[in-house]
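**Student:** Before we start, here is the structure in question, set down as structure tokens.
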Amino acid sequence: MLFTCSPFCTDSTHHHRAAARLAGSQDIPQRSARTLALATRAPARSSAPKAAGKNTRRPTSAGKPSHKVIDVHCHYLNPAVNQKAAHLNPAQHDPTAVFATELTNQTNIKQMKDRAPKLTGVDERLRDMDRMGVDIQAVSPAPYHYFYFTEPGLGAELARDVNEGIASLVAAHPDRFVGIGSVPLQNAELAVKELEYAVRTLGLRGVEINTNVNGLNLTDPQLGLEKFFAKANELGTVIFMHPMGFTQGDRLRNHYFNNVIGNPLDTTLAVSHLIFDGVVARYPKIRFIAAHGGGFIAHYWARMDHAWRARPDCRTIIKRKPSSYLEKFYFDTITFDPRMVRQLIDRYGPEHVLLGTDYPYDMGEEHPRGLLAEVKRLSAKDRKLIEGGNAARLLKIR
């Protein structure tokens, strides 16, 4: 993560505000919901040529591919929303800030100065996309913009601001971006309402959710999210699951472990509950994307299958082995090793693997096409699916 100190920090000694002003100067003007909906539902094909992008790993191909290359995992932080929420001191609710060392905080403050224009602006983002050979980004909120800790009404208001900001970004560059929105999961009724608005009115292609809600599992009865999942199933929604550290991270403070280990760990826990508590079985039309290569569970699934066979307490709800439900998930390529991408392809099929970068964070993949070029025995057909075909199908990109 970038803002372990929190992007909302108001400590003048950190010099955040100058960077925020610089980034904010590139922000996209707000537009009406009707204009945004029209602009985001059917992106036009761009006639402008795009750079093929160079990779320091290995040559990706003999020039620009004929298919669209789509990045399903990249983030945008809205400066106006940041400013609106700054008085809430969101960092106190951010596990990546709470469970961190001073070195981690200072490292991320230093990075902020360089990466803020990438995260909050457009010009440098477009140049980087061209360099990486990415035609379209499916832009989702920066994880710091979940705002689940707020009072539900305010959370819904902030989610609406986040969604309209992303829709504005898409409307300004419909050939380069599609949007993935946010919902206030601290209140199921408001989450349902915002999901419908984001998808049906703004034309966003899905929503991003955290892997927990204020430390509660997504299936915790206290949250009552069954109605949210039911609505997402009705709409056939893409739900992009993105963690923000591990909420019980006392043992993960050092060495940036609450990102390095905590992020895939929280994804593993969230996906496991969705499977074992029956959400995936009950709502088969939801298209779940698990970030960072699916966390640990995507690569260590056999243990839960064994437990399901061996123990009655692992068979209280689901009727089939857990991995059969895991096979319904989609996984991005952010694994940093071609052997792990190969494992995802072999286990879940090329149709369930999606190109991702985690742009613009330092824990992202700078050369996504170069990574795929290193995957052994990857056919041209399968590479086309992973680089863009699967995302185009899921996100309804022409």
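**Student:** For the stretch 159-184, how many residues meet the condition of being touching a Phe, Trp or Tyr at 6+ places or on another chain (Cβ under 6 Å) and in a loop (DSSP other than H, G, I, E, B)?
**Tutor:** Going through the stretch 159-184 one residue at a time, the tally reaches 1.
**Student:** Of all the residues that make up the stretch 297-356, how many are surrounded by fewer than 17 Cβ atoms within 10 Å (Cβ to Cβ), more than 20 Å from the chain's Cα centre (by Cα) and among the aromatic types (Phe, Trp, Tyr)?
**Tutor:** Residues that pass the stated criteria total 1.
**Student:** Of the residues that make up the stretch 242-256, is at least one surrounded by fewer than 17 Cβ atoms within 10 Å (Cβ to Cβ) and closer than 20 Å to Leu204 by Cβ?
**Tutor:** No - not one qualifying residue is present in the stretch 242-256.
Residues checked against (1) surrounded by 22 or more Cβ atoms within 10 Å (Cβ to Cβ); (2) over 27 Å from Asn214 (Cβ atoms); (3) at pLDDT below 95:
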site: Val122; (1), (2), (3): no, yes, no
site: Arg125; (1), (2), (3): yes, yes, no
site: Met129; (1), (2), (3): yes, yes, no
site: Val134; (1), (2), (3): yes, yes, no
site: Ser140; (1), (2), (3): yes, no, no
site: Pro143; (1), (2), (3): yes, no, yes
site: Phe149; (1), (2), (3): no, no, no
site: Gly153; (1), (2), (3): no, no, no
site: Ala167; (1), (2), (3): yes, no, no
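**Student:** Could you check Arg131 against (1) in a helix (DSSP H, G or I); (2) in contact with a helix residue (DSSP H, G or I) (Cβ under 9 Å, 6 or more places away or on another chain) and say which number it fails?
**Tutor:** (2)
**Student:** Need the failing condition index for Asp332 against (1) of a type in the set (Asp, Glu); (2) more than 23 Å from Lys68 (Cα to Cα); (3) touching a strand residue (DSSP E or B) at 6+ places or on another chain (Cβ under 8 Å), just the number.
**Tutor:** Evaluating Asp332 over (1) of a type in the set (Asp, Glu); (2) more than 23 Å from Lys68 (Cα to Cα); (3) touching a strand residue (DSSP E or B) at 6+ places or on another chain (Cβ under 8 Å) leaves (2) as the failure.
**Student:** Quick one: is Gly388 at pLDDT 95 or above, assigned to a loop (DSSP other than H, G, I, E, B), crowded, with 23+ Cβ neighbours inside 10 Å and not acidic (Asp, Glu)?
**Tutor:** Against the criterion (at pLDDT 95 or above, assigned to a loop (DSSP other than H, G, I, E, B), crowded, with 23+ Cβ neighbours inside 10 Å and not acidic (Asp, Glu)), Gly388 does not qualify.
**Student:** If we scan the stretch 108-116, do we find a residue that is touching a Leu at 6+ places or on another chain (Cβ under 8 Å) and of a type in the set (D, E, K, R)?
**Tutor:** Looking for residues that are touching a Leu at 6+ places or on another chain (Cβ under 8 Å) and of a type in the set (D, E, K, R), one finds at least one in the stretch 108-116, hence yes.
**Student:** For the stretch 350-385, how many residues meet the condition of being in a loop (DSSP other than H, G, I, E, B) and of a type in the set (D, E, K, R)?
**Tutor:** 7
**Student:** Could you list all residues from the stretch 211-241 that are surrounded by 22 or more Cβ atoms within 10 Å (Cβ to Cβ) and part of a loop (DSSP other than H, G, I, E, B)?
**Tutor:** Thr211, Asn212, Leu218, Leu225, Thr237
**Student:** Let me ask something else about it. Find all pairs meeting these conditions: Cβ atoms under 8 angstrom apart; at least six residues apart or on different chains; first residue within the stretch 70-96 and more than 28 Å from Asp123 (Cα to Cα) and without any contact (Cβ under 8 Å) to a residue 60 or more places away in the chain; second residue of a type outside the set (Lys, Arg) and surrounded by fewer than 22 Cβ atoms within 10 Å (Cβ to Cβ).
**Tutor:** Listed pairs, sorted by first residue: Gln92/Val98.
**Student:** For the stretch 224-256, give me each residue that is closer than 27 Å to Gly179 by Cβ and among the hydroxyl-bearing types (Ser, Thr, Tyr).
**Tutor:** Result: Thr237, single match.
The values are calculated or read from the model by the stated rules, or taken from the named source; none is laboratory data. Computed from a predicted model, the values in this text were never measured in an experiment. All Cβ positions, glycine included, derive from the backbone under ideal geometry; neighbour counts span all protein chains shown.
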